[in-house]
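First up is the structure itself, then whatever we jot down about it.
The values are calculated or read from the model by the stated rules, or taken from the named source; none is laboratory data. This one's a predicted model, so the numbers in the text were calculated from it and none came from an experiment. We place every Cβ from the backbone using ideal geometry, glycine too, and count neighbours over all the protein chains shown.
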Amino acid sequence: MTDKKMLVSKIDNGTVIDKIGAGMSLTILRVLNIREDYSDTVAVAIMVSSESMGKKDIVKLTHRDLSEDELKAIWLIAPDAVVSVIDNYKVSEKFKIAGKITSNQFSGVLKCENPSCATNFNEPVKPRYTLMRRDPMLVRCLYCDRVMLEENIKEQL
Ligand SMILES: [Zn+2]
């Protein structure tokens, strides 16, 4: 059995996120709000050898689905990510997140850079953005129109 095979050993139900850029898996756990109090099994493989990517990360979440917003958040961090949905030990669905993105708007993930933006006060306003360009990334806040550049976005991820 190869190392790779052992790292992706089977889970009964849940989600596998593969082809994450090397070292970015912990950022993905953070945006998925998976912290020390999380109650299900999470397996994280960092710096796995990959033919197409050199090195990559893999995250396996048992008993956890991903919402559309979460998929988008992952895609911002890991543009090449491939998701497998595991149902009763079998892959019931496998897709590249990039192929599922139908809207260029997303919420959460980033904090608006504008200190006087409504999303930075204690109002019940979840930050929402328009992705203006993917590479290099350019994002505009839907509340205050502040445009954020990739170099600043990367500092938040
Ligand atoms: Zn804003």
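Residue pairs whose Cβ atoms lie under 9 Å apart, sitting 6 or more positions apart in sequence or on different chains, and linking a residue in region 139-154 that is of a type in the set (S, T, N, Q) to a partner that is near the ligand (Cβ under 9 Å from one of its atoms), are Asn152/Glu113.
What are the residues in region 112-126 that are in contact with a helix residue (DSSP H, G or I) (Cβ under 8 Å, 6 or more places away or on another chain) and either of a type outside the set (A, V, I, L, M, F, W, C) or more than 12 Å from the ligand (Cβ to nearest atom) (or both), if any? Walk me through it before giving the result.
Quick first cut of region 112-126, residues in contact with a helix residue (DSSP H, G or I) (Cβ under 8 Å, 6 or more places away or on another chain) only: 112-114, 125-126.
Across region 112-126, the qualifying residues are Glu113, Asn114, Lys126.
Here Ser84 does not qualify as away from the ligand (no atom under 16 Å from the Cβ), free of Cβ contacts under 8 Å to residues at least 60 places away in the same chain, assigned by TED's automatic domain parsing to the domain that holds Asn13 and over 18 Å from Arg30 (Cβ atoms).
The set of residues from region 135-147 being closer than 24 Å to Ser67 by Cβ and near the ligand (Cβ under 9 Å from one of its atoms) comprises Arg140, Cys141, Leu142, Tyr143.
None of Leu71, Leu32 is under 11 Å from the mean Cα position of the chain (by Cα), buried (at least 17 other Cβ atoms within 10 Å of the Cβ), modelled with pLDDT under 95 and within 21 Å of Glu155 (Cβ to Cβ) except Leu32.
Look at (1) farther than 26 Å from Asn13 by Cα; (2) loosely packed, with under 13 Cβ neighbours inside 10 Å and you find that Lys94 fails only one, number (1). Of all residues assigned to region 127-134, at least one qualifies as being touching a residue at least 40 places away in the same chain (Cβ under 8 Å) and more than 16 Å from the ligand (Cβ to nearest atom).
Pairing residues of region 18-43 that are more than 14 Å from Ile77 (Cβ to Cβ) with residues that are acidic (Asp, Glu) and modelled with pLDDT under 90, at Cβ distances under 8 Å and at least 6 apart in sequence or on separate chains, gives no pairs at all.
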